[in-house]
1. Any idea how many residues of the range A:91-142 are at pLDDT 80 or above and either of a type outside the set (D, E, K, R) or assigned to a strand (DSSP E or B) (or both)?
2. Take the range B:384-396 and flag every residue that is closer than 28 Å to A:SER70 by Cα and either surrounded by 14 or more Cβ atoms within 10 Å (Cβ to Cβ) or within 14 Å of chain A (Cβ to nearest Cβ) (or both).
3. Does B:ALA155 fit the bill of being touching a Lys or Arg at 6+ places or on another chain (Cβ under 6 Å), among the small types (Gly, Ala, Ser) and either under 26 Å from B:CYS27 (Cα atoms) or not in a strand (DSSP E or B) (or both)?
4. State all residues of the range B:260-298 that are within 14 Å of another protein chain (Cβ to nearest Cβ) and of a type in the set (A, V, I, L, M, F, W, C); if no residue qualifies, say none.
5. In the range A:13-45, which residue that is farther than 17 Å from A:ASN120 by Cβ and assigned to a loop (DSSP other than H, G, I, E, B) is nearest to the other protein chains (Cβ to nearest Cβ)?
6. Among the residues of the range B:62-108, count how many are acidic (Asp, Glu) and assigned to a loop (DSSP other than H, G, I, E, B).
7. Considering only residues that are surrounded by 24 or more Cβ atoms within 10 Å (Cβ to Cβ), within 11 Å of chain B (Cβ to nearest Cβ) and not in a strand (DSSP E or B), which ones fall in the range A:53-71?
8. Would you point out which residue out of B:ASP306, B:ASP355 is touching an Asp or Glu at 6+ places or on another chain (Cβ under 9 Å) and not aromatic (Phe, Trp, Tyr)?
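The values are calculated or read from the model by the stated rules, or taken from the named source; none is laboratory data. On a predicted model such as this, the values are computed, not experimentally measured, just so you know. As a convention, Cβ positions derive from the backbone with ideal geometry for all residues, glycine included, and neighbour counts pool all protein chains shown.
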Amino acid sequence: MADEAVFRQEFPVKGGDFAKAGVVACRIKDLLKELGLGTQVVRRAAIALYEAEMNVIMYAWEGRVRLVVSPGEVRITVDDNGPGIPDVDLAMTEGYSTATPEMRELGFGAGMGLPNIRKNADDFRIDSEVSRGTHLEITIHTNGHQP
Amino acid sequence: MKENEHYHAIHITKDKCIGCVHCMNACPTKAIRVKDGKARIIDERCIDCGECLRACPHDAVHSHTTSFAALDAFEYKVAIPSTVIYGQFGSSTVPNEILCALRRVGFDEVYDLSSICELNTAAIEEYLNEHPQPRPFITSTCPVVVRLIQRRYPALCRQILPIEPPREIAAKILRAILPKALNLPPEKIGIIHLTPCPAKMVSINSPATLEKSYLDGAISIRDIYPQVLNSLRKSRDDALMRHLFPETLFSGIGMGWSLSGGETRGFKNHRAVAVSGVQDTMRVLDQVEAGLLQDIDLLECTVCPDGCVGGPLQVENRFLAKSRILQLVDAAGDRAVVDHKDMSRLYHKNFLSFDHPVAPVETPPLDPDPARAILKAKRREKLIAKLPRKDCGAAGRRTAGRWRTTSSAAWPVSPTARSYKRRNDETRGPGDTARPQGFCGGREAQPAGRRRLRGRPPQRRDGPRR
């Protein structure tokens with residue numbers, strides 16, 4: 001299985017570590033570019049990833065981004081140990097946000113996070129358990145649609 | 001344009017290059033490799049930012065700008081100096097004197113760029129008014145930023161604000177009026193930019209947004225500096241009088257263009273953010289690519305620190321130059337010299353716009369076949385995991401100054417360093433210059449490493465052949 005054309009990598013994300021905000025998204029973006037995936041695929045992955053990574057940094061204690069790239073699709077799973085989302089449907093509404101004033105001051109919390117991830121993904125799943133954590137699955141087809 | 005696609009203003013002089021990898025480490029687009037002990041630039045990746053030029057301790061990176069001899073081809077020579085030049089000659093030299101000195105140096109006419117800078121600011125604001133989306137727009141003044149976006153952020157090409165920079169607009173205006181005014185064929189008139197960076201040369205020879213540049217060349221401020229200084233010295237007494245009869249009216253809004261934030265200082269109704277320095281520019285463009293900063297109207301990016309005033313081909317210490325230009329900005333205040341109606345007319349005639357939008361330039365992926373690219377990336381990860389990923393530190397901290405020094409007093413005195421200095425001294429002939437044996441080479445790293453890479457040396461056969 002060693003030379004199967006599937007690239008897997010894991011990235012830890014620490015909650016509250018604003019100094020590293022966007023680092024994982026950036027590294028993955030650079031990698032996807034090197035793999036020769038289309039400009040729009042890379043951009044959508046970058047936007048979705050950035051939002052997901054920021055959610056972990058802003059709300060969770062710790063998290064993990066797993067990247068699986070095969071020639072046909074990019075799959076990103078984000079797991080965190082965090083407070084979880086009590087009402088996922090509400091959180092998926094555009095404009096809804098629980099960001100604190102401090103976060104808003106930093107330019108976050110426009111309430112676009114989760115809907116924006118869904119908009120940029122071809123396939124999006126979210127599971128969340130209060131006081132345990134949140135699990136996201138983002139799939140982007142490499143020949144997928146344009147959002 | 002095609003044959004010039006990979007034109008670069010930055011070159012490596014092989015004779016001077018010792019393969020020290022400073023330039024390679026400084027390169028923001030990973031465009032430099034050291035092969036066979038010499039640095040080489042990968043044309044497709046290079047954006048002519050000049051970071052290697054700054055980093056090279058051996059003066060082995062050279063920039064190509066227009067030579068004075070090339071000006072002889074023109075009957076009438078016009079200079080449009082970057083406003084950076086006003087900060088180059090101390091606080092007692094006023095801009096008018098500098099323009100006069102340039103005339104004495106050999107230009108038939110010299111035009112101040114600050115008014116065109118003001119025109120640009122107004123045109124950019126007009127464009128932002130008319131185009132509410134996308135956000136943020138990014139300015140195109142710095143040719144390196146345009147090339148960086150083409151290669152590293154292709155998705156952002158459509159966010160580059162399609163108004164030509166002042167130097168091109170100034171040249172375009174002069175091209176339109178001078179042939180008639182002078183009764184000369186256009187090709188006899190040479191319009192030359194005086195530039196603080198080599199990248200302008202690239203934007204002239206292979207423009208990203210024009211069919212053909214309106215400029216004929218760019219002379220570096222560094223090259224022309226001695227002549228201007230000389231001319232200024234000779235005319236010191238005249239200068240005193242000239243102060244009292246200013247010939248050119250400088251724009252207060254345009255005067256600060258060469259400083260980071262200067263392009264947008266004259267904005268009235270838009271939110272602009274200025275970024276300078278190549279690393280910071282990349283950091284911010286990464287965020288824009290991730291969909292951030294959409295509440296900002298305009299992002300002014302310049303890859304040189306503090307803006308064009310930090311260009312590698314200017315002469316004055318950039319902090320002094322900046323302080324001098326700020327003085328001039330203060331003195332000129334908010335003085336506007338451009339009539340808004342004139343700007344509006346030119347703008348609506350599309351006189352100020354790009355000929356065509358910025359097109360992405362594809363950087364080759366690890367492999368054209370996605371499956372093989374993935375395999376290569378996996379192999380690379382495995383390889384990287386095996387490497388120590390650190391500098392052994394025996395050679396001390398890598399700074400340009402330390403490598404440059406040849407005196408033994410400046411060498412570190414740690415035992416390792418001392419022993420390998422001694423070893424070098426023993427093997428070095430009298431004519432050789434001090435040449436560190438590579439960092440990360442506490443002990444014989446280079447020779448041993450090389451041998452290992454090439455495999456065992458062939459065994460000598462002393463016995464009879466069978």
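1. Residues meeting the conditions: 29.
2. Across the range B:384-396, the qualifying residues are B:ILE384, B:ALA385.
3. Yes, satisfied.
4. Across the range B:260-298, the qualifying residues are B:VAL273, B:MET282, B:VAL284, B:LEU285, B:VAL288, B:ALA290, B:LEU292, B:LEU293, B:ILE296.
5. If we take residues in the range A:13-45 being farther than 17 Å from A:ASN120 by Cβ and assigned to a loop (DSSP other than H, G, I, E, B), then A:GLY36 is nearest to the other protein chains (Cβ to nearest Cβ).
6. Residues that pass the stated criteria total 2.
7. The one that is surrounded by 24 or more Cβ atoms within 10 Å (Cβ to Cβ), within 11 Å of chain B (Cβ to nearest Cβ) and not in a strand (DSSP E or B): A:GLU53.
8. B:ASP355
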